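What follows is a short report on a single structure.
The values are calculated or read from the model by the stated rules, or taken from the named source; none is laboratory data. None of these values were measured; they are calculated from a predicted model. Here Cβ is always computed from backbone atoms with ideal geometry, including for glycine, and neighbour counts include all displayed protein chains. The area values use the complete protein model at the heavy-atom level, side chains included, leaving out ligands, DNA and RNA. Shrake-Rupley method; radii C 1.70, N 1.55, O 1.52, S 1.80 Å.
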Amino acid sequence: MAALGQLVFDEYGKPIIILKDQGQQKRLTGADALKSHILAARSVASILSTSLGPRGLDKLMVSPDGDVTVTNDGATILKMMDVEHQIAKLMVQLSQSQDDEIGDGTTGVVVLAGALLEKAEYLLDKGIHPIRIADGYELAAKKAIENLEKIAEEFPVDKDNIEPLILTAMTTLGSKIINRCHRQMAEIAVNAVMAVADMETRDVNFELIKVEGKVGGKLEDTMLVKGVVVDKDFSHPQMPKELRDVKMAILTCPFEPPKPKTKHKLEVTSVEEYNALYKYEQQQFVDMVDKVKAAGATLAICQWGFDDEANHLLLQKNLPAVRWVGGPEIELIAIATNGRIVPRFEELSLEKLGSCGKVRELTFGTTKDRMLVIEECPNTKAVTIFIRGGNKMIIEEAKRSIHDALCVVRNLVRNNKIVYGGGAAEVSCALAVSEAADKISTLEQYAFRAFADALESIPLALAENSGLSPIHTLADCKARQVAEKNPALGIDCNSKGTSDMKEQHVIETLHSKKQQILLATQLVKMILKIDDIRTPGESFSA
């Protein structure tokens, strides 16, 4: 009790709890608290709604250090925004959880949550209790998910026919800055996933796909390397720039004399002692290089550095070497080359060496930047996507876009059910939820209709961002869906002349769409249940 406050009794013996620091806290309760939450969530959603769809606009974010990021990825925009309001922070986390789980649909989920809260405000003004609204939303979400399951279609995922997967990846990349090389990027993403996918367990290990970028060149120079690209060069400029049929020793031990683990002090009192120490060091270097050579290695990849003396010795002994290779790269090289990571020179043997067909050094432009490419590896399950671009900002956005495309293809490998994009799935769900509302006699029917209106916010935003008349376009789409009973009719954002998303190949994964609706509904339900906010504020006595 002491931590919270003090328990006292009045003259009649009634207990009174005096809470600490009440004078220093701001407090919002009841309808004011809910209105504050809804306003914050709508503000965040309105920022992102202009970035939705293939014609969505980009946002330019400047960090406190002055770094500039241009992106229309919802999760990245919210992550870089300096958000202070508690509910706005929840919206940021909502977008992040969609990104972590699915990898795509981060903008749509925030726009949907904002629309659900906006519609809830009208119901609150009518005097409907927030718990009834929250319960109604949950039932409506279940109905929407049922409808999605009903309209979903099976999608062929086959290593021999990747064309359908490429079309799906192109849908994801349609709204990104890299849609100049739309088809090429989609092919790279699909080929990368297919190279590492395990079709028996229907899983994809993303750790085997490395994404590297280098400033310079143009986006069209981006390529998929069936191997590993390492941002290092050979340790000595006179070492050969290309090696064939390589046997590589992958070392995590440094090329330097061993040091005792305990604290030690070495006193050198004469020239002879110094020379003896120098000869010992020399001999240690020679022994280390000889052990590597004796194992049959033709290339040494070392996690640690080595000094000029060891470097010179490696060159003399015709043993090319690479130093300061990071831990993740070392692991990837070991996987790709079927080698073992060796922690001590004594443990080196022929069986532990990795092998590959070719190691070559790439040189870029006039900057003398170099990178190593390890190709023709026995284990083709390790691949690298190597992105080029005019500046760092474009490369970073290309990495985010490629990541989204990789996630979508992975989701299809895991669960091959799809729905059609362009707002078609949302309009279909809105119609199904509205229809269900007419069969409900209780108060929840209002929440159902509000949920249906909120779902329409996605096609409305798509139409608005594409320069179309939002209300007319949506009304036409709904009327056609009802008349033709075709759930693939959506918003023609790219002015292709047809609203049928099946013909336009605008495809989204069922898993992603379900997750969007479930996550947005869960967050809105949680926000509607909060009716009291206490925040530390200025002291009134100050």
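Residues that are of a type outside the set (A, V, I, L, M, F, W, C) and without any contact (Cβ under 8 Å) to a residue 40 or more places away in the chain were ranked within the range 465-479; the one that is most open to solvent (accessible area, probe 1.4 Å) is H472.
If we keep just the residues of the range 120-137 that are open to solvent by 40 Å² or more (accessible area, probe 1.4 Å) and at negative phi, which is nearest to the chain's Cα centre (by Cα)? Ranking the qualifying residues of the range 120-137, first place goes to D135. Entry remark, the range 204-222: residues being of a type in the set (D, E, K, R) and open to solvent by less than 50 Å² (accessible area, probe 1.4 Å) number 3 in total. Screening the range 88-110 for residues that are open to solvent by less than 10 Å² (accessible area, probe 1.4 Å) and among the β-branched types (V, I, T) and picking the one that is nearest to H511 (Cα to Cα) gives I102. Taking the range 427-500 and the helices (runs of 4 or more DSSP H) fully enclosed by it, the elements with 3 or more residues that are under 28 Å from the mean Cα position of the chain (by Cα) are at 457-465. Pairing each residue of the range 501-512 that is closer than 15 Å to R480 by Cβ and part of a helix (DSSP H, G or I) with any residue that is open to solvent by less than 10 Å² (accessible area, probe 1.4 Å) and not polar (S, T, N, Q), provided the two are 6+ apart or on different chains, yields C-beta distances under 6 Å for M501/G421; M501/A424; M501/A488; M501/G490; K502/A488. I530: open to solvent by 10 Å² or more (accessible area, probe 1.4 Å), free of Cβ contacts under 8 Å to residues at least 12 places away in the same chain and in a loop (DSSP other than H, G, I, E, B), yes or no? No. For K502, the conditions (1) open to solvent by less than 60 Å² (accessible area, probe 1.4 Å); (2) closer than 26 Å to S51 by Cβ; (3) not hydroxyl-bearing (S, T, Y) are fulfilled apart from (1).
Considering the range 187-203, and only residues there that are aliphatic (A, V, I, L, M) and closer than 17 Å to N379 by Cβ, the residue that is most open to solvent (accessible area, probe 1.4 Å) turns out to be M199.
When you scan the range 516-524, do you find a residue that is open to solvent by 30 Å² or more (accessible area, probe 1.4 Å), under 25 Å from E121 (Cα atoms) and assigned to a loop (DSSP other than H, G, I, E, B), even just one? The answer is no; no qualifying residue exists. Here H511 meets each of (1) under 16 Å from V427 (Cβ atoms); (2) within 26 Å of the chain's Cα centre (by Cα) with one exception, condition (1). Determine, yes or no, whether L314 is open to solvent by less than 10 Å² (accessible area, probe 1.4 Å) and either under 20 Å from S349 (Cβ atoms) or part of a helix (DSSP H, G or I) (or both). The answer is yes for L314. Considering only residues that are farther than 26 Å from Q238 by Cβ and touching a residue at least 24 places away in the same chain (Cβ under 8 Å), look in the range 343-365 and name the one that is least open to solvent (accessible area, probe 1.4 Å). The qualifying residue least open to solvent (accessible area, probe 1.4 Å) is S349. Of all the listed residues (A436, A450, A463), the sole one being under 20 Å from E146 (Cβ atoms) and in contact with a Gly (Cβ under 9 Å, 6 or more places away or on another chain) is A450.
Being β-branched (V, I, T), assigned to a strand (DSSP E or B) and either open to solvent by 40 Å² or more (accessible area, probe 1.4 Å) or modelled with pLDDT under 85 (or both) is a property that does not hold for T384. Residues that are free of Cβ contacts under 8 Å to residues at least 24 places away in the same chain and closer than 15 Å to T222 by Cα were ranked within the range 150-186; the one that is least open to solvent (accessible area, probe 1.4 Å) is H182.
Table: residues versus (1) out of contact with any Lys or Arg (no Cβ under 7 Å at 6 or more places or on another chain); (2) under 30 Å from P378 (Cα atoms).
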{"site": "D233", "(1), (2)": "no, yes"}
{"site": "M239", "(1), (2)": "yes, yes"}
{"site": "F255", "(1), (2)": "yes, yes"}
{"site": "K263", "(1), (2)": "yes, no"}
{"site": "Q282", "(1), (2)": "yes, no"}
{"site": "F285", "(1), (2)": "yes, no"}
{"site": "K291", "(1), (2)": "yes, yes"}
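If you take the residues of the range 438-456 that are in contact (Cβ under 8 Å) with a residue 60 or more places away in the chain and out of contact with any Asp or Glu (no Cβ under 8 Å at 6 or more places or on another chain), which of them is surrounded by the most Cβ atoms within 10 Å (Cβ to Cβ)? The qualifying residue surrounded by the most Cβ atoms within 10 Å (Cβ to Cβ) is F451. Taken over the range 354-373, the criterion of being more than 11 Å from D245 (Cα to Cα) and in a strand (DSSP E or B) is satisfied by R360, E361, L362, T363, F364, D369, R370, M371, L372, V373. Screening the range 21-51 for residues that are modelled with pLDDT of 80 or more and polar (S, T, N, Q) and picking the one that is farthest from G174 (Cα to Cα) gives S36.
One residue is enough: does the range 248-257 have a residue meeting the conditions open to solvent by 80 Å² or more (accessible area, probe 1.4 Å) and either touching a residue at least 40 places away in the same chain (Cβ under 8 Å) or of a type in the set (S, T, Y) (or both)? Looking through the range 248-257, none of the residues is open to solvent by 80 Å² or more (accessible area, probe 1.4 Å) and either touching a residue at least 40 places away in the same chain (Cβ under 8 Å) or of a type in the set (S, T, Y) (or both). The lone criterion from (1) open to solvent by less than 50 Å² (accessible area, probe 1.4 Å); (2) over 19 Å from I333 (Cα atoms); (3) hydroxyl-bearing (S, T, Y) left unmet by Y274 is number (1). Scan the range 68-90 for residues that are in contact with a helix residue (DSSP H, G or I) (Cβ under 9 Å, 6 or more places away or on another chain) and in a loop (DSSP other than H, G, I, E, B) and the total you get is 5.
So that you can scan it fast, the table gives a plain yes or no per residue for (1) within 30 Å of I162 (Cα to Cα); (2) of a type in the set (A, V, I, L, M, F, W, C):
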| position | (1), (2) |
| --- | --- |
| T363 | no, no |
| K368 | no, no |
| M371 | no, yes |
| E375 | yes, no |
| K392 | no, no |
| I395 | yes, yes |
